[in-house]
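Since the structure comes first, as structure tokens, the remarks are kept for the end.
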Amino acid sequence: MTRLQSLGSPSASLAAHLGRRELLIGAAGLALAGCHKNEALTVSRTPRLHMRRLDTSIAAIAARAAPGVLGFGLMNLESGQFWVRLDDRPFPLAGVFALPLACAVLAEVEGGRLKLAETLAVGDKTLSPPPSAIADAWPGRTTYTAGDLLSAVVVDGDNTAADLLMKRIGGPGAVQAWLQGAKVDEMRVDRYAREVQPAVLGMASFRAAWKGPQAFAAAAATVPPERRHAATLAYIADPRDSSTPRGMLGFLRRLHDGELLSAPSLGRLLPMMERASRGADGIKAGLPKATAFAHTSGTSGADQGLTAACNDVGIFTLPDGRSYAIAAFLSGSTATDAQRAALFADLGRAAVSSIG
């Protein structure tokens, strides 16, 4: 089985005739398509991606996003053919870390090491930054089942739920070990949300006094602006808690094909992703009506006009049954929330325009 990292740079002579992106589309597309052991290569029944149209449309959207940096990928999940921009550049995962975490949690359930009916307690030392309805409800409610927490993570991007589940299965190291064991390349989960979110703003690890959006913003305001800005830039460049667009496409394809989770687990996860409460004005807004979009989105939030990370990744299935993986990462954006939403919606429209 060919892994993503096996796709090395082409020789100088070959590169003189073909651009790097075209090489990745051809060679890597075949490698990913052949990821099933003993599976014969077959002719795709779906139309090929319109590469030149993607070249033009994504370049225009990336120019609008500047000085933010846009990474983007689209893959036909039937043929494995894909187009990718900034294929091997690591981007901060931000809230998208919820997807590999959810997979690692469900793998623990499959292994009999965790039951979704198990009750977990919320305390002052287990609260995490916004968004977190669970932190907002504390101390009024202090217990949740693992199943409740999983839904809160995937549907609502709840950071307290994410950190509780991550701690229950062994911490960030356990999630990373699952990724490595599953041979997921170019994706890392290294820290709890309670560590990452404050670090973006130059703050210490999260504390209960900061729970809720207003209290967290007030605490962040006590950090000198120049220190917050430096911390944001450091987060953007940090290889921890990151993914490349190419790595995310490979992850989504293997998830879709049932290589990462059992059918019952996948049947639980994908409907939750379709109910995601965030990102409705992003890529989803650019997809045709009646399109199912199982996705995870997340943003670091803006500080001093700079948004460190804004991402949306998932699998969309058209009414005719064709499925595609899509991954969009935007880092260092100075756009407003509305402008970023419009950019992501246009990415969805560009994807649909290219698939025939």
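Quick check: anything in region 279-296 among the aromatic types (Phe, Trp, Tyr) and more than 22 Å from residue 130 (Cα to Cα)? Yes, that holds for at least one residue. Can you say whether residue 31 is small (Gly, Ala, Ser) and either modelled with pLDDT of 95 or more or touching a strand residue (DSSP E or B) at 6+ places or on another chain (Cβ under 9 Å) (or both), as far as the supplied structure shows? Against the criterion (small (Gly, Ala, Ser) and either modelled with pLDDT of 95 or more or touching a strand residue (DSSP E or B) at 6+ places or on another chain (Cβ under 9 Å) (or both)), residue 31 does not qualify.
Could you tell me which residue of region 176-211 is nearest to the chain's Cα centre (by Cα), considering only residues that are of a type outside the set (D, E, K, R) and over 27 Å from residue 103 (Cα atoms)? Applying the filter and picking the extreme gives 201. If you go through region 256-276 and keep only what is surrounded by 19 or more Cβ atoms within 10 Å (Cβ to Cβ), in a helix (DSSP H, G or I) and touching a Ser or Thr at 6+ places or on another chain (Cβ under 8 Å), you end up with 256, 273. If you go through region 320-346 and keep only what is over 18 Å from the mean Cα position of the chain (by Cα) and either polar (S, T, N, Q) or crowded, with 23+ Cβ neighbours inside 10 Å (or both), you end up with 334, 336, 339. Regarding residue 174, is this residue surrounded by 24 or more Cβ atoms within 10 Å (Cβ to Cβ), within 17 Å of residue 242 (Cα to Cα) and not charged (D, E, K, R)? So residue 174 fails the test. Of the residues making up region 237-250, those that are farther than 14 Å from residue 189 by Cα and touching a Leu at 6+ places or on another chain (Cβ under 9 Å) number 4. Restricting attention to region 281-300, the residues that are touching a strand residue (DSSP E or B) at 6+ places or on another chain (Cβ under 9 Å), assigned to a loop (DSSP other than H, G, I, E, B) and within 20 Å of residue 95 (Cα to Cα) total 2. Can you find a residue that is modelled with pLDDT of 95 or more, part of a loop (DSSP other than H, G, I, E, B) and in contact with a strand residue (DSSP E or B) (Cβ under 7 Å, 6 or more places away or on another chain) anywhere in region 158-178? So far as region 158-178 goes, no, none of its residues is modelled with pLDDT of 95 or more, part of a loop (DSSP other than H, G, I, E, B) and in contact with a strand residue (DSSP E or B) (Cβ under 7 Å, 6 or more places away or on another chain).
Taking region 299-338 as the range and being on the phi < 0 side of the Ramachandran plot, free of Cβ contacts under 8 Å to residues at least 24 places away in the same chain and not β-branched (Val, Ile, Thr) as the test, the residues that pass are 320, 338. Identification of strands (runs of 3 or more DSSP E) wholly contained in region 36-135 with 1 or more residues that are in contact (Cβ under 8 Å) with a residue 12 or more places away in the chain and crowded, with 21+ Cβ neighbours inside 10 Å yields 69-76, 82-85.
Mind counting the residues in region 277-297 that are closer than 18 Å to residue 150 by Cα and either modelled with pLDDT of 95 or more or in contact with a Ser or Thr (Cβ under 7 Å, 6 or more places away or on another chain) (or both)? So the count comes out to 5. For region 213-254, a residue qualifies if it is outside any helix (DSSP H, G or I) and surrounded by 15 or more Cβ atoms within 10 Å (Cβ to Cβ), and the qualifying residues are 223, 238, 240, 241, 242, 243, 244.
The values are calculated or read from the model by the stated rules, or taken from the named source; none is laboratory data. Because the structure is predicted, anything quoted here is derived from the model rather than measured. Here the Cβ is made from the backbone with ideal geometry for all residues, glycine too, and neighbour counts use every protein chain on show.
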